[in-house]
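Below: the structure, in structure tokens.
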Amino acid sequence: MNIIALVKQTPDTAQLSASMDGLKLSAEGGPRIVNPWDEYTLETAIQAREEHGGKVTALCLGPPEAAEALKTALAMGVDEAVLVSDPAMADGDSLTSARILVAAIRKIGAFDLIVGGRAAIDGNTAATAVQVAALLGVPLVSYVAELRNLDPSDRTLSAVRLLEKARETVTSRLPALITVVKEINEPRYPSLIGIRKAARANIPIWGCKDLSLDAAAVGAGASGVEWRTELPPVREAHIEMIDGGPEDAARTLVDRLMEEKVI
Amino acid sequence: MDFELSEEHRMVERMVYDFARNEILPSIREHDRNGTFPHELLPKMAAQGFMGICLPVRYDGAGMDFISLGLLSEGLEWADSSVRETIAVHLGLHALPIFQWGTEEQKEQFLPPLATGENIACFGLTEPGAGSDVAAMTSRARKEGDTYLVSGEKMWITLSDVADRFLVFAKTNQEEGTRGITAFLLERGWEGLTTGTIKGKMGVRASNTGWINMDEVPVPESHRLGEEGEGFKIAMSCLDNARYTVAAGAVGLMKYCLEASVAYARQRRTFGQPIGDHQLVKQLIAQMKQRVDLGELAVRKVGWLKNRGMRNTRETSMAKWYCTESAFATASDAVQVHGAYGYSDEYDVERHLRNSKSAVIYEGTSQIHQLMQADYEFGNRTDRPLRCEMPAYDPEYWQQ
């Protein structure tokens with residue numbers, strides 16, 4: 001099987017300070033990690049390869065430093081890694097990112113399965129992988145909590161999707177794109193032998209030219225989405241004292257809480 | 001001069017700390033409270049390649065260097081000293097000495113199951129009446145044909161009840177003092193070999209510490225490590241390995257205490273402000289950071305010396321002495337920053353304080369290290385070349 005794992009490098013939110021810059025987390029110079037959801041992506045892809053053979057290619061769009069996330073992917077056990085990076089691609093919305101990723105996927109070549117995480121913890125749009133599937137014209141199975149049957153010979157997969165109040169079992173033809181949730185597996189740690197291999201690996205970097213993309217069609221300039229919300233939101237709080245004896249006060253308190261839809 | 005860790009080292013560091021955070025921290029407080037050994041961690045550590053991290057690939061090791069061994073020790077002890085002790089003893093005091101002193105047959109026979117964690121190993125030097133004074137040991141071995149009969153008792157032995165391989169030292173010549181000591185590799189199940197656990201320790205309660213009793217244990221000649229009478233030199237070279245992991249581990253312990261203290265000092269408020277805004281708390285934090293940074297430098301230098309195959313007994317002793325004393329002071333300061341909460345096991349700094357006391361005693365007390373350092377300065381002590389030196393780290397050889 002040819003499997004492509006979509007990986008993003010994100011700030012380590014466990015080590016972020018509380019400062020906010022518009023809608024983006026201020027993480028300049030802070031530690032960066034593999035998007036935690038993508039650890040499940042990588043584990044899913046590697047397990048599929050271990051079961052069915054073939055090759056896993058980790059694909060990442062990001063700044064040059066994002067190669068570090070791909071090194072982690074290699075250390076975990078993917079076979080190849082490609083970084084898509086170009087200053088022109090910076091600050092794009094999810095659709096421009098999807099267009100770039102699709103161009104890279106076409107350059108990688110034929111695939112049976114693409115795996116992505118349910119979202120990235122920085123943007124948290126949960127849109128990019130969906131848009132990649134749409135642009136490629138392949139079925140999308142999102143929020144996968146269990147891959148029940150992946151059958152490369154029959155060209156089908158069966159998966160359990162984790163929905164808000166239900167689990168849904170669906171089947172799809174291959175090639176397909178799935179996004180996974182943390183219930184699907186327990187990601188492995190990079191092994192020491194994997195780390196040694198990863199440290200020596202040369203990761204190719206593809207820019208706009210390599211992907212025959214017009215620099216004006218990607219990045220911030222080509223994005224249709226504009227973030228206008230101010231963060232952090234203004235907090236409105238006030239104190240209200242309830243008079244009366246304990247029973248009356250409790251009754252009033254319960255009424256007020258129900259009025260405010262707290263209980 | 002290059003102070004930067006390589007990309008490979010940074011990946012090892014990140015992986016080890018992730019492992020410590022996810023696999024050790026969630027359960028170690030309960031193990032410490034109950035005095036139980038975290039057996040469930042051994043297969044996980046083995047699967048990650050920790051048990052043979054710096055052994056060559058040809059012996060089923062992970063083929064990493066000595067800086068990586070230091071990073072592993074640091075990351076494990078960031079979570080708990082007990083877990084780091086397993087690596088110090090199994091690898092530093094047993095597997096690495098076989099790599100350094102063993103015959104090729106012994107390396108091929110003994111190292112692969114140690115590197116993969118199939119065998120867990122310990123080190124028996126200390127006796128009830130002989131700790132720092134190694135020459136006072138009473139364990140003895142007499143040869144009958146091609147078999148040695150080893151008798152004696154070893155005390156304060158880490159992993160004694162967990163290990164299935166034992167590197168023990170006994171006198172083959174009673175008249176020769178340290179020159180009469182010989183090293184032997186024993187296996188659990190051999191006739192006359194029994195072990196037990198010591199209870200009631202102040203710290204490292206999640207580590208197994210105990211005794212080994214040997215009553216005429218028959219040890220084939222093929223299980224003698226080094227030459228007859230070479231045991232003291234072997235034991236001292238073992239300590240160069242293990243003391244390095246102890247020093248590196250102490251840096252990890254200090255890092256945990258510093259991180260916890262900074263976090264607590266940010267959120268705990270007294271007199272209308274976070275306690276981190278009070279000057280005397282700032283002083284404690286600054287002193288902790290000073291010890292972390294200086295300790296790290298001392299440890300990295302030893303790792304560098306080891307990678308280059310340079311004798312490092314003096315520097316390792318200095319690093320062990322400085323880092324373990326600093327860890328004790330830092331853990332104590334961390335408890336102070338946490339106030340009454342720090343004095344309870346609700347916070348991990350209390351466990352780190354109890355753990356840190358053990359390391360200023362074992363692997364050479366702080367007093368022994370001070371005597372060593374003074375003797376080096378006065379010229380009373382020099383390190384002579386050994387018959388078998390630990391080779392310099394050569395990635396080509398290690399990773400073939």
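The values are calculated or read from the model by the stated rules, or taken from the named source; none is laboratory data. What you are looking at is a predicted structure, and each value in this text was computed from that prediction instead of being measured. Virtual Cβ from ideal backbone geometry, glycine too; neighbours counted across all protein chains shown.
Scan B:GLY61, B:GLY92 and give me the residue that is modelled with pLDDT of 95 or more, assigned to a helix (DSSP H, G or I) and either more than 14 Å from chain A (Cβ to nearest Cβ) or more than 10 Å from B:ALA248 (Cβ to Cβ) (or both). Steps first, answer last, please.
Values: B:GLY61 fails: assigned to a helix (DSSP H, G or I).
Checking each option against the conditions leaves just B:GLY92.
Candidates in the range A:153-198 are the residues that are within 14 Å of chain B (Cβ to nearest Cβ) and charged (D, E, K, R); of these, the one that is surrounded by the most Cβ atoms within 10 Å (Cβ to Cβ) is A:ARG196. B:PHE99 - would you say it is crowded, with 20+ Cβ neighbours inside 10 Å, more than 18 Å from the chain's Cα centre (by Cα), not assigned by TED's automatic domain parsing to the domain that holds B:SER358 and not in a strand (DSSP E or B)? Criteria not met by B:PHE99. Within the range B:349-396, which residues are of a type in the set (Phe, Trp, Tyr) and away from every other protein chain (no Cβ under 14 Å)? Result: B:TYR362, B:TYR376, B:PHE378. Return a yes/no flag: does the range A:77-89 have any residue that is buried (at least 24 other Cβ atoms within 10 Å of the Cβ), within 14 Å of chain B (Cβ to nearest Cβ) and either over 17 Å from the mean Cα position of the chain (by Cα) or acidic (Asp, Glu) (or both). No: zero hits. When residues in the range B:197-215 are screened for being among the charged types (D, E, K, R) and closer than 22 Å to B:LEU76 by Cα, 2 of them pass.
Between B:GLU85, B:GLU77, which is surrounded by 24 or more Cβ atoms within 10 Å (Cβ to Cβ), in contact (Cβ under 8 Å) with a residue 60 or more places away in the chain, touching a Leu at 6+ places or on another chain (Cβ under 7 Å) and part of a helix (DSSP H, G or I)? Give the derivation first.
Details: B:GLU85 fails: touching a Leu at 6+ places or on another chain (Cβ under 7 Å).
None of the other options fit; the residue is B:GLU77.
So, A:ASP248, is that one modelled with pLDDT of 90 or more, surrounded by fewer than 13 Cβ atoms within 10 Å (Cβ to Cβ), out of contact with any Cys (no Cβ under 6 Å at 6 or more places or on another chain) and more than 14 Å from chain B (Cβ to nearest Cβ) or not? Working first, answer last.
On the way: modelled with pLDDT of 90 or more: yes; surrounded by fewer than 13 Cβ atoms within 10 Å (Cβ to Cβ): yes; out of contact with any Cys (no Cβ under 6 Å at 6 or more places or on another chain): yes; more than 14 Å from chain B (Cβ to nearest Cβ): yes.
Yes; evaluated as a whole, the condition is true for this residue.
Just so you know, in the range B:64-74 the residues that are away from every other protein chain (no Cβ under 11 Å) and either on the phi > 0 side of the Ramachandran plot or of a type in the set (Gly, Ala, Ser) (or both) include one that is surrounded by the most Cβ atoms within 10 Å (Cβ to Cβ), and it is B:SER73. If you go through the range B:292-315 one residue at a time, do you hit one that is farther than 30 Å from B:PRO385 by Cα and either surrounded by fewer than 24 Cβ atoms within 10 Å (Cβ to Cβ) or not assigned by TED's automatic domain parsing to the domain that holds B:ALA88 (or both)? Scanning the range B:292-315 turns up at least one residue that is farther than 30 Å from B:PRO385 by Cα and either surrounded by fewer than 24 Cβ atoms within 10 Å (Cβ to Cβ) or not assigned by TED's automatic domain parsing to the domain that holds B:ALA88 (or both).
Got a sec? Which of B:ALA263, B:ALA248 is free of Cβ contacts under 8 Å to residues at least 60 places away in the same chain, assigned to a helix (DSSP H, G or I) and not assigned by TED's automatic domain parsing to the domain that holds B:PRO97? I'd like the intermediate steps shown before the answer.
Numbers: B:ALA248 fails: free of Cβ contacts under 8 Å to residues at least 60 places away in the same chain.
Of the residues listed, the single one that is free of Cβ contacts under 8 Å to residues at least 60 places away in the same chain, assigned to a helix (DSSP H, G or I) and not assigned by TED's automatic domain parsing to the domain that holds B:PRO97 is B:ALA263.
Among B:LYS282, B:LYS289, which is the only one that is without any contact (Cβ under 8 Å) to a residue 40 or more places away in the chain and in contact with a Leu (Cβ under 8 Å, 6 or more places away or on another chain)?
The conditions single out B:LYS289.
If you take the residues in the range A:54-71 that are in a helix (DSSP H, G or I) and more than 11 Å from chain B (Cβ to nearest Cβ), which one is surrounded by the most Cβ atoms within 10 Å (Cβ to Cβ)? Taking the candidates together, the pick is A:LEU70. Scanning the range B:185-233 for residues that are closer than 17 Å to B:MET155 by Cβ and charged (D, E, K, R) returns B:LYS199, B:LYS201, B:ASP215.
The number of residues in the range B:153-179 being of a type in the set (Gly, Ala, Ser) and under 26 Å from B:MET202 (Cα atoms) comes to 2.
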